[in-house]
2 protein chains.
Amino acid sequence: MVPHLVTALTGPINELEQRVLDSMPAIERWFRLEWMEHTPPFYSSVDLRNAGFKLAPVDTNLYPAGWHNLRPEMLPLAVQAAMAAIEKICPEARNLLLIPENHSSNTFYLSSVAQLRRIFHMAGLNVRIGSIDPAIKKTTTMILPDGQSVTLEPVLRGKRRLGVKDFDPCTILLNTDLRAGVPGILEDLHEQYLLPPLHAGWTTRRRSKHFKCYEEVAKRMGKLLGVDPWLINPMFEKCAGVQLAQGFDTECMHTRIDALLAKIRRKYKEYGIKEKPFVVVKADNGPHDFGILTVHDVKELPALSEKMQRQTRNLSAAEQTHDILIQEGVLTQERMNDAVAEPVVYMMDRYVVGGFYRIHAHRGTDENLNTPGASYVPLAFEQSTHLPQPGIKPGASAPNRFYMYGVVARLAMLAASYELEATDPDVEVYD
Amino acid sequence: MVPHLVTALTGPINELEQRVLDSMPAIERWFRLEWMEHTPPFYSSVDLRNAGFKLAPVDTNLYPAGWHNLRPEMLPLAVQAAMAAIEKICPEARNLLLIPENHSSNTFYLSSVAQLRRIFHMAGLNVRIGSIDPAIKKTTTMILPDGQSVTLEPVLRGKRRLGVKDFDPCTILLNTDLRAGVPGILEDLHEQYLLPPLHAGWTTRRRSKHFKCYEEVAKRMGKLLGVDPWLINPMFEKCAGVQLAQGFDTECMHTRIDALLAKIRRKYKEYGIKEKPFVVVKADNGPHDFGILTVHDVKELPALSEKMQRQTRNLSAAEQTHDILIQEGVLTQERMNDAVAEPVVYMMDRYVVGGFYRIHAHRGTDENLNTPGASYVPLAFEQSTHLPQPGIKPGASAPNRFYMYGVVARLAMLAASYELEATDPDVEVYD
């Protein structure tokens, strides 16, 4: 099943699809040459929004969960990609220690951990799950709704190595985004491969840095395709050090939201788009603690600001100070029956290994669907993104739409690769 | 659908399956380390025979046809593997020229060519099909039964490069086994990647060399698994320069067949196997021009010899002189209803990308099923070989059986890699 697009089967998105298909060999060659120079993130997932007139990534996750939502038929692709990744990074590996999020008794999340364990086991590694949660003091087995079990073992830290009882891994795979900072237990592990590296965590990462890198790769892909890069790029602004308890309505926020809305309005006019421009306001780093807000007009700021003040007044000064990303809002025009849908693409090493749609019956087309606690239905991509079918009418072929999604998701992955290079503390920075 | 084994669910093959599963991480690591030192053939297919008490490769093809027999669901695996192969060998490639067998209007073969074209196109290359058949003087389009078309273009040879009209490929993929010798048109193409290299053709290859290399890797894998390597290795002998028009019944043939039958008899006795030992007699190189003969006793030789003399008396001295491989016959104990089945595993680069069963209603368990012109039904492997499921009773799990088939097929691929290194005319040989 593939959600349908509510937009007509003409217009920019279909022209984009056609150009992507026509340029397939050039696109693949371009990626191949990029991967000669740059290292892909070990794994990643990218949230996309298809507005019917543009298709853009809106968030890139370097510690993806949700692996259990992929179709079982796609599992061999993930296994093969995991084999390729392991072979490149640590061919001599025998043992892999998987470190999940702390405090997680969420069985959806644990099902994803179980799926990752399965993928790396099938790729030929002994896998154990080591918890860095101080609350996990002894081996703890959780039973999942499907009857599978996940066993969390407390990690054991030696002087230079991390492991669990009777298990000394050469590779440690983090599936936690380190939102609370890098714990000391993960530092100075110079004898083991730590994947992804610590600077992929939210202590270092900034969404604005990511989307700056993305803008660069989108420009180059736009040139290759002969299209306006705006068709695949969400514009953004940022405001540093906003004190949420004093509200949102700072001069920076006011000015930049207004400026970004004006830029979007000009683009909409250029393309004859009748929709109302909007921006989304989110934290520049970390999880979406204060939510993701939709703003259509700076006039809405005072009310939003007041709400934010109430929400955050009990937080410490550090907790309520945030760098803020103001991102062009990208509508989603995909629907499954009446519910709004947005695609999420999963990658392992340089390969797209699957994806699913987030489907949400109670959200608007201009709202974030990945809200904490929101109930959404994952709809696994019906086919691989590896199966483009040239010659089929644009907009009419699910494999072609998936291929286009895979291309844009890989652009975001490439941007993450640039981002990680630029923020790597172990290399000299030239810029 | 998976053929069932007529053997009971106990005995050597299930013990082997159990050991293969238990050793999965060690096996995968072993392959990873091997691929650090050795280059896998670009693509390959391996014919296996599962006797219920042993599982062995009986032929390894370095120019596989039959790609159209794989399940469509497996196509993304082949595409991903093709991407990996291209990236490693020639990342800057744009154009690939595929060279099929000459004289082929066989629509089964052309469907396989169309499938290869699709795989490499989806992997991001411009693909054209160039014929080196002198009979193809102009562009010729063949329509396949499913409505697809295959366009063969006559190759154009420049001083240093090969192409077709308005198409200069940097990579040339051979899908012809060069049984008639290496044509001059393929020589001295030092500016282009020629895959597989010319010495993978039957002018250079010898089955006895391949199975000698296989014996070596089987010994090492046997040690890793803690099993007798015979359980995965077909023993063999060879006789050089047999003049078929003078018959088969030479002293060499007589002695070696008798010796090999005796060795098999001892092995059968050791394992309490009640079957009748047999050997198969085939050419040491090239296609099976004189067929594949089954011999249970040297007493059969005079009659077979007479038949061979009649068949070959009109051939030239060169044509009727053959090096002969005498291979331990491996029964197949797999059945689909009443028909005999044998698995064929397909690989691209180091990855198993699928497979199928040859199913033949009119052949015995000790006969070759890949007979020219024989009608067999291909039954695509139901699942990927990437999905082993530990903990399931040996012999009861199709994914586990496929995983074991994938391991043995990869051993044969590794043997082919050793073989190609040893026969590479461009490197110094140290042995």
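The values are calculated or read from the model by the stated rules, or taken from the named source; none is laboratory data. Nothing here was measured: the structure is a model prediction, and the numbers come from that model. No Cβ is skipped: glycine too gets one built from the backbone with ideal geometry, and neighbour counts run over all protein chains shown. These accessible areas exclude ligands, DNA and RNA; they are computed on the full protein's heavy atoms, side chains included. Shrake-Rupley method; radii C 1.70, N 1.55, O 1.52, S 1.80 Å.
In the neighborhood of A:Pro183, defined by Cβ-to-Cβ distances under 13 Å, what is the net charge if each Lys or Arg adds +1 and each Asp or Glu adds -1? Spelling it out: positives minus negatives among the neighbours equals -3. Placing +1 on the Cβ of every Lys and Arg and -1 on the Cβ of every Asp and Glu, with nothing else charged, gives segment B:283-431 a dipole about its Cα centre of roughly 800 debye.
Our helix-only sum for chain A, with -39,500 (n - 2.57) per DSSP H run of n ≥ 4 divided by its residues, gives a mean residue ellipticity at 222 nm of -10500 deg cm²/dmol. Peptide A:121-131 is shielded by partner chain Cβ atoms: per residue, an average of 4 of them sit within 10 Å of its Cβ.
When only Cα pairs below 8 angstrom with a gap of at least 6 residues are kept, chain B shows a relative contact order of 24 percent.
All C-alpha pair distances within chain B, sorted into 10 Å bins from zero, spread as 4, 21, 31, 27, 14, 3, 0 percent across the bins.
Compute the Cα gyration tensor for the protein assembly as shown, then decide on rounded, prolate or oblate, letting a ≥ b ≥ c be the square roots of its eigenvalues: rounded whenever a/c is under 1.5, prolate when a/b is larger than b/c in the other cases, and oblate in all that remain.
On the way: a/c = 2.49, a/b = 1.75, b/c = 1.43.
Prolate is the answer for the protein assembly as shown, as a/c is 1.5 or above and a/b outweighs b/c.
On the beta carbon distance between B:Met36 and A:Thr255, with R0 = 56 Å, the FRET formula returns roughly 0.50. Using a Cα-Cα cut-off of under 27 Å, which lysines could be cross-linked to A:Lys212, ignoring same-chain neighbours fewer than 8 residues away? Here the lysines satisfying the reach criterion relative to A:Lys212 are A:Lys54, A:Lys223, A:Lys238, A:Lys263, A:Lys267, A:Lys269, A:Lys276, A:Lys282. In a simple Cβ point-charge model (Lys, Arg +1; Asp, Glu -1; nothing else charged), the protein assembly as shown has a dipole of about 840 debye relative to its Cα centre.
Report, in debye and to the nearest 20, how large the dipole of chain A comes out about its Cα centre when Lys and Arg carry +1 and Asp and Glu carry -1 on their Cβ. Before the final figure, lay out each step's value.
Numbers: 48 positive and 51 negative charges, 90 e Å.
In total the dipole reaches around 440 debye.
Checking the a/c ratio against 1.5 first, then a/b against b/c, what shape does the Cα gyration tensor give for segment B:118-254? In terms of gyration-tensor shape, prolate. Relative contact order of segment A:161-239, taken over Cα pairs closer than 8 Å and 6 or more residues apart, is 25 percent.
What quantity of accessible surface, computed with a 1.4 Å probe and excluding non-protein components, is buried in total between chains A and B, in Å² to the nearest 100? Write down the numbers at each step before the final one.
Details: alone 18980 and 18970 Å², together 34520 Å².
So the total buried area for this chain pair works out to about 3400 Å².
Among B:312-319, A:216-223, A:179-186, the peptide with the highest mean count of other Cβ atoms within 10 Å heads the list, and the full ranking is A:216-223, A:179-186, B:312-319. With a ≥ b ≥ c taken as the square roots of the eigenvalues of the C-alpha gyration tensor of segment A:141-216, please select rounded if a/c is under 1.5 and otherwise prolate if a/b is larger than b/c or oblate if it is not? Because a/c hits 1.5 or more and a/b fails to exceed b/c, segment A:141-216 counts as oblate.
Legend note: in chain A, cysteines whose Cβ sits 4.7 Å or more from every other cysteine Cβ are A:Cys90, A:Cys170, A:Cys213. Residue-wise HN-Hα couplings along segment B:248-263, as the Karplus relation 6.51 cos²θ - 1.76 cosθ + 1.60 with θ = phi - 60° gives them from phi, are 8, 7, 7, 5, 4, 4, 4, 5, 6, 4, 4, 5, 5, 4, 5, 5 Hz; Gly and Pro carry x. Computed from phi, the 3J(HN,Hα) profile of segment A:187-193 under the Karplus parametrisation 6.51, -1.76, 1.60 (θ = phi - 60°) reads 8, 6, 9, 6, 8, 10, 7 Hz, with x in place of Gly and Pro.
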